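Take a look at the structure below.
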Amino acid sequence: MAEKIIRRVLLAAFSLFVIISITFFLMNLIPGDPFMSEKATEESRAVLIAKYGLDQPLLVQYGKYLAGLFHGDMGTSYVLQKGRAISTIVTDAFAVSVKLGIRALLLAVLLGVPLGCVAGFFKDKLPDGILRVTSAIGISVPGYVIAAVLMLVFAVKLRILPVSYGRPMGEIMPIVTLAVYPACYLTRLTRASILEVLGQDYLKTERAKGMSELVVIFIHALKNSLVPIITYLGPLTASILTGGFVAESVFNVPGLGRYFVNAISARDYTLIMGVTIFYAALIIFMNLLCDILYQVVDPRIKIG
Amino acid sequence: MILSSQLKIREEDLLPLERDYYRDEGSNTQEISFLKAAWQRLLANRIAMCSLLVILLILLFSAIGPSLSPYSYEQQIYGDENMPPSWTHPFGTDRLGRDLMVRCMIGTRISLTVGIISAVIVLIIGSIYGSVSGLVGGKVDLIMMRIVDVVYSVPEILLIVVIKLVIDEPLTRLVTSTPFLKPLQKMGSGLIAIFIVYGCLYWVGMARIVRGQVLQLKEMEYVTAAEALGAGKSWLIRKHLIPNCIGQLIATAMLQIPSAIFTEAFLSFLGIGVSAPMASLGSLTSEALSGLTTAPYRMIFPAALISLIILAFNLFGDGLRDALDPKMKKR
């Protein structure tokens, strides 16, 4: 098992390396340089280009970038926050995103898993029907539509929640926006997973022993149906992160997602690259963690 | 003991049969009954049939609608700016006085195109890659699957953005300078970029599924039997592998459609989707975001349409998967 985990870790590291390389070379393929938009003279542009080392051969720049990454140095922002180190922008902004993201993740799990159990418990009855329809709608509505509707209803019409982040209760709407998709997805996943487990023999034994249906579902069946749910935790992180792009820019949260969106519109390439690599590393790490956790929970599963 | 005189062998028993005597009989009945059974299962699924109806209605709306409307999607009607829904403009008009109903129809067309073309791309690349990997096996399979693992771990949305930014300019130049690509110009490089990215990244899921199926089927006794009877590789692929995988393939491809529409909407939100004045449902909704407090109606129609489309495709895809692959049925 240890050998398999090591192989899995190596694969993750390799994936990350590939992503870093792809992003680096793609960014350099973009015609022009970051200082084109500025009203700079030829000489001052040349000075800037020399200052950032952009006149060196691409491979040298690549080597320098990789060496920098090892020290946590991702260069400096060219446009949005000129001269500020990407690594500090990323860490500062990420701290804000994490505060929202973790709460959204908890909300999604605390809503989705029990609701999925309820749907499985009442299979083909009214609560199941309601939950299936709502969760299907929930995974079909784009995030910014949810954000817009929330905003329209709670901030504009009812005036019970503030429009932007930073005021008291300002976090509620962004968190809900982030949690809707994963919560609905988890409901469907838990339901499917629990129904699969429910047919198994050991649960018949539990019932034969006289256990109530509630205990059977929530304690015995849920434990074994956790496996697909754990696998989903990696994609779940990814979905909360990408959801963050939308929620943070709609509600003006100074998190990493908003930086990414702004960096795209400002074509701030180093910042785009820094954020991409950071997100990629995070997602790859979460997937790795899930794979390992997955095996701890269910020893029958082999990781490849 | 059987005496040769007891075995009545007639002269015609020794003649070779017609070339496809058994083949046609065997495989055709099986194929028809499989599809028929699947169709019946689908018909019995009320949710799936309702979704299919919704999909067809939306198709009609977007295919025929624009030609019935007196306006065109890019036409700016002076004096009619910022109109709330009325009889002349059922969905209202936008800031520039463009009729939102026509724009929604065109937008639906674009969103559906994105969804369907992406699904086809994924289906083709994924199934070729997966079946080659599964059939060849050995070292080739190992390397091909490691590549899949790497692509799989790439956060697609991020790379879509990066690739899109990179290929945008060269692509626009290519499209405007090559005469036979002219029709694509109207679509905008944004859409083409989405297809390219889909072709680059999203096929991995499909490739994994196909490979898994191929590996599983390779071990099946009836396949071994067919091989023992002298069936060639192409025969095995055409008559055994494809009919057995097709259900799951179609269902997975079907579920790719809503996911592509979702992605397109997300890219439009970031401002890198279709280029104006072309509209997609995603770009219409994200344009409406800025005027949300004063003109919420601009948001409501495209948002409702896009949600409805994704919902219908999701539900229909689920139904299709259950119908085509009862083994996989999870409820």
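The values are calculated or read from the model by the stated rules, or taken from the named source; none is laboratory data. No experiment lies behind these values; they were computed from the predicted model shown. Glycine gets a Cβ as well: all are built from the backbone with ideal geometry, and neighbour counts include every protein chain shown. Please note that ligands, DNA and RNA were not included when accessible areas were found on the heavy atoms of the full protein model with its side chains. Shrake-Rupley method; radii C 1.70, N 1.55, O 1.52, S 1.80 Å.
Taking chain A as a Gaussian network of alpha-carbon nodes connected by springs under 10 Å, the highest mean-square fluctuation of the residues A:Gln200, A:Gln61, A:Gln81 belongs to A:Gln200.
The order of B:Arg173, B:Arg208 by accessible area, most exposed first and with a 1.4 Å probe, is B:Arg173, B:Arg208.
Legend: distances between Cα atoms for A:Lys64/A:Lys99; A:Lys99/A:Lys157; B:Lys218/B:Lys239; B:Lys36/B:Lys218; pairs beyond 22 Å are A:Lys64/A:Lys99; A:Lys99/A:Lys157; B:Lys36/B:Lys218. Averaged over peptide B:279-292, the number of partner chain Cβ atoms lying within 10 Å of each residue's Cβ comes to 2. When the surface is traced with a 1.4 Å probe over the full set of protein chains, B:Leu311 keeps roughly 30 Å² accessible.
Within chain A, the selection of entire DSSP H helices by a Cα span of 20 Å or greater along the long axis and an average Kyte-Doolittle value of at least 1.6 returns A:2-29, A:86-121, A:269-297.
The residues A:Lys204, B:Lys218, sorted by heavy-atom accessible surface at 1.4 Å with ligands and nucleic acids left out, run A:Lys204, B:Lys218 from largest to smallest. Once the 1.4 Å probe is applied to the protein heavy atoms, chain A comes out at 48 Å² accessible per residue. Using just its DSSP H runs of length 4 or more, each adding -39500 (n - 2.57), chain A gives a mean residue ellipticity at 222 nm of -24000 deg cm²/dmol after division by all residues.
The accessible-area loss of region B:304-321 on complex formation, taken against its chain alone with a 1.4 Å probe, reaches 40 Å² or more at B:Ser307, B:Leu311.
Here B:Ser234 sits with roughly 70 square angstrom of accessible surface, probe radius 1.4 Å. If each Cα of region A:90-267 is one equal point scatterer, what is log10 of I(q)/I(0) from the Debye formula at q = 0.08, 0.18 Å⁻¹? Listed by q, the Debye log ratios stand at -0.31, -1.08. Counting only heavy atoms of the protein chains and using a 1.4 Å probe, B:Arg109 has close to 100 Å² of accessible surface. If one takes the accessible area of chain A alone plus chain B alone and subtracts that of the pair, with a 1.4 Å probe, what total in Å², rounded to the nearest 100, results? Buried area (both sides, nearest 100 Å²): 3700 Å². FRET efficiency for the B:Glu227 to B:Arg173 pair, using the beta carbon distance and R₀ = 56 Å, is estimated at 0.60.
For A:Glu196 and A:His71, what is the calculated FRET efficiency with R₀ set at 35 Å and r taken between the beta-carbons, to the nearest 0.05? Walk me through the numbers before you get to the answer.
Values: r = 48 Å, r/R0 = 1.37.
The calculated FRET efficiency here is 0.15.
Surface composition of region A:90-267: carbon and sulfur make up 69 percent of the accessible area, probe 1.4 Å. Any idea how far apart B:Arg238 and A:Gln56 come out in nm if each label point goes 7 Å out from Cα toward Cβ? Using points 7 Å along Cα→Cβ, the separation is 5.9 nm. Take the Cβ atoms of A:Asp124 and A:Leu214, set R0 to 22 Å, and the FRET efficiency comes out at 0.75.
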